Amino acid sequence: TANVTLSNGTTLKLGKKDFYLSGNSLVDSADSGDFPVGVAIEKTASLSLVNDDGRFDGYNFNAARFAIFLNVQLSDRIEAIKRGTYIVSKKPATASEISLSLLDKMHNADK
């Protein structure tokens, strides 16, 4: 799931039905098997939103902030674990599937 804040201040709560089953990923480690000493790792995320019915046609996801949660079903409840906050890095095209590329705030370190 995700809580989204668009650049105009609009907030959205996205659930399981808003995401495609494939095309979603979170990367929060180095590409190699070794831990690089002295390197700050930028977390990235890729999300694919379902827009077959046009539910997101009126929204601009450019520079939107996504708080992404991993939801785990326990015996008596669903536990939501926050995986991080990410910002859309590339302007997405609105179609039947909206593909988003996101970065965490580590991308600001180059400034």
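The values are calculated or read from the model by the stated rules, or taken from the named source; none is laboratory data. Quick caveat: nothing in here was measured; it's all calculated off a predicted structure. Neighbour counts run over all protein chains shown; Cβ positions are idealised from the backbone, glycine included. Just so you know, the surface numbers come from the protein's heavy atoms only, side chains and all, with ligands and any DNA or RNA stripped out. Shrake-Rupley method; radii C 1.70, N 1.55, O 1.52, S 1.80 Å.
What lysines could a cross-link reach from Lys13, if we take a straight Cα to Cα line under 28 Å and drop same-chain neighbours fewer than 8 places away?
Partners within reach: Lys43, Lys82, Lys90, Lys91, Lys105.
Starting from the 7 Å offset along Cα-to-Cβ, what nm value, one decimal, do you get for the label separation of Phe19 and Lys91?
Going from the Phe19 label point to the Lys91 one covers 2.7 nm.
Mind putting a number on the dipole of the chain about its Cα centre? Charges go on the C-beta only, +1 for Lys and Arg and -1 for Asp and Glu, and I need it in Debye to the nearest 20.
Numbers: 13 positive and 13 negative charges, 73 e Å.
So the magnitude is around 360 debye.
For the charge dipole of the chain, defined by +1 on Lys and Arg C-beta atoms and -1 on Asp and Glu C-beta atoms about the Cα centroid, which residue among Gly23, Ser101, Phe56 has the Cα displaced farthest towards the positive pole?
Projecting each Cα onto the dipole axis, the largest value belongs to Phe56.
Decide, for segment 50-111, between rounded, prolate and oblate: order the square roots of the alpha carbon gyration tensor eigenvalues as a ≥ b ≥ c, take rounded if a/c falls under 1.5, and otherwise choose prolate if a/b is larger than b/c, else oblate. Mind showing how you got there, number by number?
On the way: a/c = 3.38, a/b = 1.17, b/c = 2.89.
Since a/c reaches 1.5 but b/c is at least a/b, the shape of segment 50-111 is classed as oblate.
State the percentage of accessible surface on the chain attributable to carbon and sulfur atoms; use a 1.4 Å probe and exclude ligands, DNA and RNA.
Using a 1.4 Å probe with all protein chains present, the chain comes out at 51 percent carbon and sulfur.
Rolling a 1.4 Å sphere over the protein heavy atoms, what is the accessible area per residue of segment 51-101, to the nearest Å²?
Here the residues of segment 51-101 average 63 Å² of exposed surface.
Please work out which option in [x] 52, 34, 25; [y] 47, 43, 25; [z] 62, 48, 26 gives Cα extents along the principal axes in Å calculated from these coordinates, and answer with its label.
The calculated read-out lines up with [y].
Below 8 Å between Cα atoms, with a sequence gap of 6+, how large is the relative contact order for the chain in percent?
It rounds to 28 percent for the chain.
Suppose each label sits 7 Å from its Cα in the direction of the beta carbon; what would the Ser99-Ser46 distance come out to in nanometres?
0.7 nm
Gly84's amide H: which non-local residues (gap 5+, or another chain) put their own amide H closer than 5 Å, with H modeled 1.01 Å from N in plane and none for Pro or chain starts?
Ile68
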